[in-house]
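S.K.: Here you go, one structure.
The values are calculated or read from the model by the stated rules, or taken from the named source; none is laboratory data. In this text, all values refer to a predicted model and were calculated from it rather than measured experimentally. All Cβ positions, glycine included, derive from the backbone under ideal geometry; neighbour counts span all protein chains shown.
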Amino acid sequence: MKTPPAPPAHAQAFPWASVSVIAFTLGLAAQPALASTLLYERLALLRGEYWRLWTGHFVHFGSSHLFWNLAIFTVASIWSERIAPARTRLLLVAAPGLIGLALFGLEPALSTYGGLSGVATAMLVFLCYTQLVRLAAHPTTNKNEPLATSPTSDRWFWRAVLALVALKIGAEFALQQPVFTRFAPAGIRAVPLAHLIGVLVATVMHRNLRGFRPRFWPRRTG
Amino acid sequence: MSHGYSSLARGFRPALFVAVVLSALLLAGCFSTRGPRKTERSSSVVNYLYPDQANPLPPTSIPVLRLPLRVGIAFVPGKSDISEQQKTVLLQRVAAEFKGRDYIQSIELVPSTYLRAGGGFANLNQVRSLLGVDVIALVAYDQVQFTSNNLLSLSYWTIVGAYIFSGNKNDTQTLMEAAVYDIPSRHLLFRAPGASRLEAGAAAAYVQQRLRADSTAGFDAATTELIANLKLQLEAFRERVKNAPGEVRIEHRTGYTGGGSLGACFASILGLLLLARAGVRHRL
């Protein structure tokens, strides 16, 4: 008797963690009064309001700032959660706090910070790593199951995305001004350090948690 | 003659006469025909900052403004106060006009409960510690409303006329003033006024209703002028600081506000890469 083939991973994992983060971000945008309680503020952190390390990323300084950050985050995070759900969810929980903590320690002049781009960069880089590893594990092209394994020609795409992220961060550090973006409210500076830390967090998580699976996580059969 | 007089005397009923006179007096009382009435609402920056001081000492230190500024805006406590809701709406209008300037970090609306009558700079220092503001715009007001009667008020004797004819004339004069202070140095940085005058007629039955509406409209119009004048005074102050740097010292805060942003261009390039990837996959 023939065993039916296992459903592909993307069909099993509903990206509820990504959807929750997106809903939380949009909720905060709809309730601007909450921003003062959740924004990353150095003085408030020194007073003991540590939740701001995590929540500051979800507060934005305008609709354009919110839209583009959320657009990239939505694609990267949902895609990533569908192919590597456990690690993506862990990254979604850990990355905002780690980026916030690093900003607190490494950038003492930063009094206020907001924006999802650090986390979005982490998700994007993590997605690239995950896809490149999958391609290395399945080097053959399979046109009949395009979603199960990607064609080998996709490598150029994921490498190009990684190069683009590296180029953006490098240029922002070199020029000391935002590249590819402009803030609507005057007086707000770009923080490329947040993007760099996002890349580092994604790299560390990817390298050290490649086989990560919580004990309670159901194992796929077949 | 005597017959006529006696018949008139017989027809005279004292009780009826008294009732008619009393009714007329009561009606006249209801729809008053007294002279002009006056209602006044006011608050004063001087009374708030320098209570019981006839000759306050001028500040001696030079104000130091650390940019970007954290600004507070508040109504000075006054007598016959206007409602908190009305104050908030007016302050929000002023604050909205000055948000988004690169030298202003934040504008905090200070609720009236934070300020006490005659609180002075001690009270302002408390607000400074609580809300983290360095500069405060204190808004004071003086509104006077007069109500007088015109010829149409004679129709009030008919009772119905008190609901139909505008026999009252209302005159509402409003003056608002914003004085911007640097709290640590106690220096007045600049000030700007706004004024309005409204005249309206009303029937006796609707006088109070009309006066309330005129009061709100008066504050609204005065705030519009106040905002325009504040903008002019702010620009004049900036010029003054440039031309006379010894008057006010400007410093920049060590901290800055930062934002993580990927931006439309970055997203567009990613989108183009995705399209190219889809094209390559399609060809395979």
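Per-residue answers, yes or no, for (1) closer than 28 Å to A:Thr112 by Cβ; (2) modelled with pLDDT under 85:
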{"residue": "B:Ala95", "(1), (2)": "yes, no"}
{"residue": "B:Ile104", "(1), (2)": "yes, yes"}
{"residue": "B:Arg128", "(1), (2)": "yes, no"}
{"residue": "B:Leu131", "(1), (2)": "yes, yes"}
{"residue": "B:Ser153", "(1), (2)": "no, yes"}
{"residue": "B:Tyr206", "(1), (2)": "no, yes"}
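S.K.: For the range A:41-48, does any single residue satisfy the condition of being surrounded by fewer than 17 Cβ atoms within 10 Å (Cβ to Cβ), on the phi < 0 side of the Ramachandran plot and free of Cβ contacts under 8 Å to residues at least 12 places away in the same chain?
M.R.: Filtering the range A:41-48 down to residues surrounded by fewer than 17 Cβ atoms within 10 Å (Cβ to Cβ) leaves A:43, A:46-48.
Pick out the ones that are also on the phi < 0 side of the Ramachandran plot and you get A:43, A:46-47.
This time we only want the ones that are free of Cβ contacts under 8 Å to residues at least 12 places away in the same chain, so: A:46-47.
Among the residues of the range A:41-48, at least one is surrounded by fewer than 17 Cβ atoms within 10 Å (Cβ to Cβ), on the phi < 0 side of the Ramachandran plot and free of Cβ contacts under 8 Å to residues at least 12 places away in the same chain, which makes the answer yes.
S.K.: Can you spot a residue in the range B:108-119 that is in contact with a Gly (Cβ under 9 Å, 6 or more places away or on another chain), part of a strand (DSSP E or B) and under 20 Å from A:Ala33 (Cα atoms)?
M.R.: Yes, that holds for at least one residue.
S.K.: Those residues that are more than 7 Å from chain A (Cβ to nearest Cβ) and either part of a helix (DSSP H, G or I) or small (Gly, Ala, Ser) (or both), I need them from the range B:235-269; list them, please.
M.R.: Within the range B:235-269, B:Glu235, B:Ala236, B:Phe237, B:Arg238, B:Glu239, B:Arg240, B:Val241, B:Lys242, B:Asn243, B:Ala244, B:Gly246, B:Ser268 meet the criteria.
S.K.: Given the criterion under 15 Å from B:Leu189 (Cβ atoms) and aliphatic (A, V, I, L, M), identify the matching residue among B:Leu230, B:Leu273, B:Leu226, B:Leu262.
M.R.: Values: B:Leu273 fails: under 15 Å from B:Leu189 (Cβ atoms); B:Leu226 fails: under 15 Å from B:Leu189 (Cβ atoms); B:Leu262 fails: under 15 Å from B:Leu189 (Cβ atoms).
When all the criteria are applied, what remains is B:Leu230.
S.K.: What residue, of B:Ala117, B:Ala162, B:Ala178, B:Ala137, is in contact (Cβ under 8 Å) with a residue 40 or more places away in the chain, among the aliphatic types (A, V, I, L, M) and closer than 26 Å to A:Ile188 by Cα?
M.R.: Numbers: B:Ala117 fails: closer than 26 Å to A:Ile188 by Cα; B:Ala162 fails: closer than 26 Å to A:Ile188 by Cα; B:Ala178 fails: closer than 26 Å to A:Ile188 by Cα.
After ruling out the rest, the residue left standing is B:Ala137.
S.K.: Tell me, which residue of the range B:86-106 that is exposed (fewer than 15 other Cβ atoms within 10 Å of the Cβ) and among the basic types (Lys, Arg) is farthest from the other protein chains (Cβ to nearest Cβ)?
M.R.: Applying the filter and picking the extreme gives B:Arg93.
S.K.: Would you mind finding the one in B:Leu198, B:Leu189, B:Leu232 that is in a strand (DSSP E or B) and closer than 28 Å to B:Tyr50 by Cβ?
M.R.: Values: B:Leu198 fails: closer than 28 Å to B:Tyr50 by Cβ; B:Leu232 fails: in a strand (DSSP E or B).
Of the residues listed, the single one that is in a strand (DSSP E or B) and closer than 28 Å to B:Tyr50 by Cβ is B:Leu189.
S.K.: For the list (1) within 11 Å of another protein chain (Cβ to nearest Cβ); (2) closer than 24 Å to A:Arg159 by Cα, I need the number of the one condition that A:Ile78 fails.
M.R.: With respect to (1) within 11 Å of another protein chain (Cβ to nearest Cβ); (2) closer than 24 Å to A:Arg159 by Cα, A:Ile78 is out only on (1).
S.K.: Taking helices (runs of 4 or more DSSP H) that fall entirely within the range A:25-111, which contain at least 1 residues that are at pLDDT 90 or above, within 16 Å of the chain's Cα centre (by Cα) and more than 17 Å from B:Gly260 (Cβ to Cβ)? First the steps, then the outcome.
M.R.: On the way: elements: A:35-38, A:42-46, A:52-55, A:63-83, A:85-106.
Counting at least 1 such residues, we get A:63-83, A:85-106.
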